[in-house]
1. Please note which helices (runs of 4 or more DSSP H) are completely contained in the stretch 201-296 and include at least 3 residues that are of a type in the set (V, I, T) and modelled with pLDDT of 90 or more.
2. Among the numbered criteria (1) modelled with pLDDT of 95 or more; (2) part of a helix (DSSP H, G or I), which one does Y75 miss?
3. Would you point out which residue out of L305, L309, L348 is open to solvent by 50 Å² or more (accessible area, probe 1.4 Å), part of a helix (DSSP H, G or I), at pLDDT 95 or above and of a type in the set (A, V, I, L, M, F, W, C)?
4. Going by what's in this entry, would I67 be described as over 23 Å from Y378 (Cβ atoms) and open to solvent by less than 20 Å² (accessible area, probe 1.4 Å)?
5. List the number of the failed condition for L143; all other conditions in (1) open to solvent by 60 Å² or more (accessible area, probe 1.4 Å); (2) at positive phi hold.
6. Working carefully through the options V54, V83, find the one that is free of Cβ contacts under 8 Å to residues at least 60 places away in the same chain and either under 22 Å from L128 (Cβ atoms) or outside any strand (DSSP E or B) (or both).
Amino acid sequence: MTGAAALFWLSLLLIAYAYVGYPAVLWLAARFGAPARGGDSARELPLPSLTMIVSAFNEEQVIGQKIENTLALDYPTELLEIVVISDGSTDRTCDVVREYADRGVVLRHYSGRIGKTACLNRALPMALGSIVVFSDANSTYQLGALRALVQPFQDGTVGFVTGWTRYGSTEGATTTGSLGIYSKLELATKALETRLGSCIGADGAIFAIRKELYVPLQDYDINDLVIPLSINLQGYRGVLQTGAVCFEKDAGGSKGEFHRQVRITNRTIRAILNYRQLLNPFKYGLLSFKLFSHKMCRFLVPPFLVSLLVSNLLLVGHGPFFQAVLAAQGVFYLAAVVAAFSMSSGPLHRGAELARTFVVFNAAVMLAWVKYLQGETYTTWSPTKR
């Protein structure tokens, strides 16, 4: 029993730590520890020049709306450059962008489908702004999002600033299901990390960096994690700016979302292991602890879910506690299956949908590990069907 019990408790504790324990530790540290250094509030610095880079591939349906939204943002036009990078688009994306040339919108089209990161490597050195904002074609910003993004740069220790995405069926609507719960957990975690120095990673649809800190990436790198990590390595920190908000519609189709999660997780695992020196707590201290807890622990959950179930089965005859935990696991997985085929609503359905999302997410993570170990890499993406 000793070996099975040790495996049971190890699995249970790691799973609980990844989703509950780590945020709780951050909260306690932020509550009773010294606050992180904030921005310089004593004086207002002039607004910096900005370049917004919008990544696009076959986005003819939304690129016009994205450009109109950006042109309408509350930021001086003489300080804002809008650049659309087209990764080998084969539809009318480039034609739509060219219609805005007389309003200062720049098109940089790269043929050959080289991937988003490769396009960024080519386009970013030509950016005119001292601050570069990264965005996606299918996201729209709140009116004051850019002013909110640049405000933390008044602190010279800040190298990147991330906003956050509000998902919903329409702009202003908020997802209240499992995706909304996960987004709230991620937002709260980043907010607590910020209070303790630097958050881990950024929201790929809305984040900004000091241009001089950009380091060219490998084509397979996931930019919203690798760029922040490279900035951390240069001695700067990143912060969450909750006032910088963008909107995206819910992704359509569970199958497409599953494959998207596999791709993102595969690239994130590769990024963390390529920057594994940051996992050395003796050299990077709190940053190492955050990276391991926020990212790696969650990516280790799938095998521990398996070991929890197996060890629980071995221990089921050793008392009512183990029997209760096994029953709880059975109900949880059954709820996930029911949610996959149910069209009902209500509190019970929302709980089942959360179980389904958790199971699907961890299945995607497991597959991402398999593909990583097989040496598979991802460099390109496709837009969500609308």
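1. Output list reads 223-233, 254-274.
2. Single failed check for Y75: (2).
3. On the way: L305 fails: open to solvent by 50 Å² or more (accessible area, probe 1.4 Å); L348 fails: at pLDDT 95 or above.
L309 is the lone residue from the list that is open to solvent by 50 Å² or more (accessible area, probe 1.4 Å), part of a helix (DSSP H, G or I), at pLDDT 95 or above and of a type in the set (A, V, I, L, M, F, W, C).
4. yes
5. The one condition L143 does not meet is (2).
6. Result: V83 is the single residue among V54, V83 that is free of Cβ contacts under 8 Å to residues at least 60 places away in the same chain and either under 22 Å from L128 (Cβ atoms) or outside any strand (DSSP E or B) (or both).
The values are calculated or read from the model by the stated rules, or taken from the named source; none is laboratory data. Values in this document were obtained by computation on a predicted structure and should not be read as measured data. Every residue, glycine among them, receives a Cβ derived from its backbone with ideal geometry; neighbour counts consider all protein chains shown. Heads up: the accessible areas ignore ligands, DNA and RNA and are worked out on the full protein's heavy atoms, side chains in. Shrake-Rupley method; radii C 1.70, N 1.55, O 1.52, S 1.80 Å.
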